[in-house]
Amino acid sequence: MVLDTIIKNGLIVTESGVLPAGQDIGISDGKISLIGYNIPEGPETKIIDAQGAYITPGGVDSHVHLAQRNAPTGDNWETGTRSAVAGGTTTVLAFASQTKEMTSLYPVLEDYHEKSRDQSYCDYGFHFVITNPNEKILNEELPVLSKKEGITSVKLYMTYELYKLSDRQLLETMLACRSLGLTTMIHAENSDMISFLIEGLEKNENTAPFFHAISGPKIAEDEASYRAIRLAELVDAPLLLVHVSSDGAMKHIRDAQTRLLPIHAETCPHYLFLLSDRLANKEHDHFHGAKGVCSPPLRHHLEDLEALWQGIANDTFTVFSSDHAPTKYDHPQGKKAGIINGIPKFSKIPKGIPGIETRLSLLFSESEGCLSKNQARLSLARFVQLTSGNPARLYGLTTKGAILPGYDADLVIWHPRDQGQRVIEQANLHHDVDYTPFEGMSVRNWPRFTILRGQVVWNADENRVTGTKGFGNFIKRENGRVLVGKTGQLPAGMIEGERDLWRPKPQA
């Protein structure tokens with residue numbers, strides 16, 4: 001076997017732990033060909049010396065927003081994926097968003113393919129955001145598009161007037177996705193609670209950015225999360241609750257998981273590291289806190305952060321994603337769209353914060369890759385599960401997320417221990433946004449090399465992205481796997497076969 005590349009002197013991290021030292025990774029034609037000791041090299045084989053550092057699978061960021069209509073000042077596919085590889089992410093899944101007036105998903109897909117084609121630095125796929133789940137979409141289009149295009153996941157909203165679905169629509173869509181084996185994602189916040197609070201805050205002239213955190217309290221997320229779980233339980237549908245920020249929501253999820261319901265959960269860096277005081281920040285001007293406006297909002301107390309860290313450690317969370325939702329700050333169509341006639345209006349500030357490049361380093365910095373077992377918040381195996389392995393399986397990325405023969409040679413080689421420290425600074429990031437919410441935070445390591453299908457696309461030794469725009473491929477995905485619990489559980493009080501009395505019969 002002729003190998004294109006051999007990575008030597010690394011500590012290979014899998015979901016089971018760190019492999020015994022001294023094993024090398026042989027790469028050929030963009031795939032991992034073998035893992036073992038003393039792999040023979042050919043005359044043309046490129047050697048990468050990991051210098052004793054950890055090697056983890058390339059990051060899979062399964063929740064990013066790129067080139068979205070509602071974020072005209074944010075990252076496009078070129079800038080967002082350039083930022084991704086600089087932070088160790090080799091695959092992203094972004095959202096092809098339907099609007100309520102659209103009666104078909106085909107124009108949505110065509111438009112998003114047009115925006116992303118030949119633009120990406122990393123491999124990528126799409127989720128559908130469904131806001132108008134008519135009968136044609138659910139019964140005719142989704143079956144075809146999931147098979148033909150490999151788009152095997154959808155996102156549904158319980159809030160935002162332009163996106164939210166009724167409980168009836170949620171049930172119908174969950175049931176359709178269940179029958180097709182698609183992954184269903186839910187943004188769970190109680191829309192009426194939030195609109196009620198916004199109206200009261202505005203009447204009392206409490207409109208500065210900080211009051212965004214007051215307008216979306218944990219109870220709004222807790223209620224909607226519980227309701228989403230119960231709706232999914234009724235129709236026996238697997239579910240992923242995205243960007244969980246509340247310990248109350250997490251408790252509902254944990255309870256469902258202990259009953260073996262297929263309820264998955266995602267959280268994000270900003271809910272582990274940032275608090276709502278960021279929204280009150282007046283370091284530069286009265287509106288500076290707009291940089292921290294996201295939904296659900298940042299929470300108030302250190303106890304809120306600690307509760308989510310427990311969910312990271314105890315397996316409540318299935319995936320760890322960035323929810324990269326980039327919007328420039330200093331732009332009239334960006335965050336400063338929330339200044340109306342000189343008055344800050346938090347309800348008009350575009351939601352979301354950037355984080356695609358900083359996601360992996362922030363979490364790795366708290367792992368046993370940088371800290372002792374007693375100090376670390378998570379093991380290296382758990383890090384790989386959350387950032388690569390679980391999202392790959394959950395979303396049907398069959399050749400991603402693991403360091404195994406036959407898988408794509410997507411890898412992150414970290415710096416040797418105690419050599420990769422970095423202070424996060426906007427000036428050093430590669431996105432097309434004019435700030436980072438993590439400005440000034442120190443991380444204990446940063447990817448030294450990012451490798452996509454055997455090619456080095458980020459080289460920290462040279463401090464540059466070495467990949468090329470368009471090298472990233474669109475991935476036709478298979479159906480994802482249920483990673484938590486199992487289908488077929490009966491809600492309390494139901495009798496065997498009860499669902500068959502109302503569930504649509506399979507088509508012949």
Among (1) 29.9; (2) 23.2; (3) 32.4, only one was calculated for this model; which label is it, if the read-out is Kirkwood radius over Cα pairs in Å?
(2)
Tell me, what % of the accessible area of segment 312-413 is carbon and sulfur with a 1.4 angstrom probe?
47
Accessible-area order for THR468, THR14, THR173, largest to smallest, probe 1.4 angstrom, reads THR468, THR14, THR173
By the mean-Cβ-within-10 Å protection proxy, highest first, 45-52, 491-498, 271-278 rank as 271-278, 45-52, 491-498
For segment 398-501, using Cα atoms only, the Rg and Dmax in Å read 21.7, 64
Counting alpha carbon pairs within less than 8 Å and at least 6 residues apart, what relative contact order, in whole percent, applies to segment 448-488?
22
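Lysine pairs in segment 381-508 with Cα distance under 24 Å, only those 8 or more apart or on different chains: how many are there?
Numbers: LYS400/LYS469; LYS400/LYS476; LYS400/LYS486; LYS486/LYS505.
For segment 381-508, qualifying lysine pairs total 4.
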Accessible area expressed per residue, the chain, with surrounding protein chains retained (probe 1.4 Å, Å²):
40
From the gyration tensor of the Cα coordinates in segment 283-415, what semi-axes in whole Å does the equivalent ellipsoid have, largest first, with each one equal to sqrt(5λ)?
34, 19, 13
Expected unfolding gain across ALA492-LYS136 under the 0.36 nm per residue rule, minus the alpha-carbon gap, is 124.9 nm
Relative contact order of the chain (C-alpha contacts under 8 Å, at least 6 apart) in percent is 22
Rounded to the nearest 5, what is the percent of antiparallel bridges among the DSSP beta bridges in the chain?
45
Listed peptides 125-136, 319-330 by packing density, highest first (mean Cβ within 10 Å)
319-330, 125-136
What ranking, highest mean first, results for peptides 22-28, 335-341 when packing means the other Cβ atoms within 10 Å averaged over each residue?
22-28, 335-341
Report, by chain and number, residues whose modeled amide H sits under 5 Å from the one on GLY352, excluding near sequence neighbours (fewer than 5 apart, same chain).
CYS294, SER295
Below 8 Å between Cα atoms, with a sequence gap of 6+, how large is the relative contact order for segment 74-160 in percent?
34
Difference of contour (0.36 nm per residue) and Cα-Cα distance, ARG259 to GLN375
38.6 nm
Please work out how much length the chain gains when fully extended from LEU19 to LEU302, using 0.36 nm per residue of separation minus the C-alpha to C-alpha distance, in nm with one decimal.
98.3 nm
Write down the Å³ per residue value for the convex hull defined by the alpha carbon atoms of segment 380-442.
144
Can you list the equivalent-ellipsoid semi-axes of segment 469-508, largest first and in whole Å, using the square root of 5 times each Cα gyration tensor eigenvalue?
37, 16, 7
For n ≥ 4 DSSP H runs only, could you compute -39500 (n - 2.57) per run for the chain, divide by its residues and tell me the 222 nm figure to the nearest 500?
-7000 deg cm²/dmol
Expressed in angstrom, Rg and Dmax over the Cα atoms of segment 284-330 are 14.0, 40
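The values are calculated or read from the model by the stated rules, or taken from the named source; none is laboratory data. Just so it is clear, the model here is predicted, and its values are computed rather than measured. Please note: Cβ atoms are built from the backbone with ideal geometry, for glycine as well, and neighbour counts cover all protein chains shown. Heads up: the accessible areas ignore ligands, DNA and RNA and are worked out on the full protein's heavy atoms, side chains in. Shrake-Rupley method; radii C 1.70, N 1.55, O 1.52, S 1.80 Å.
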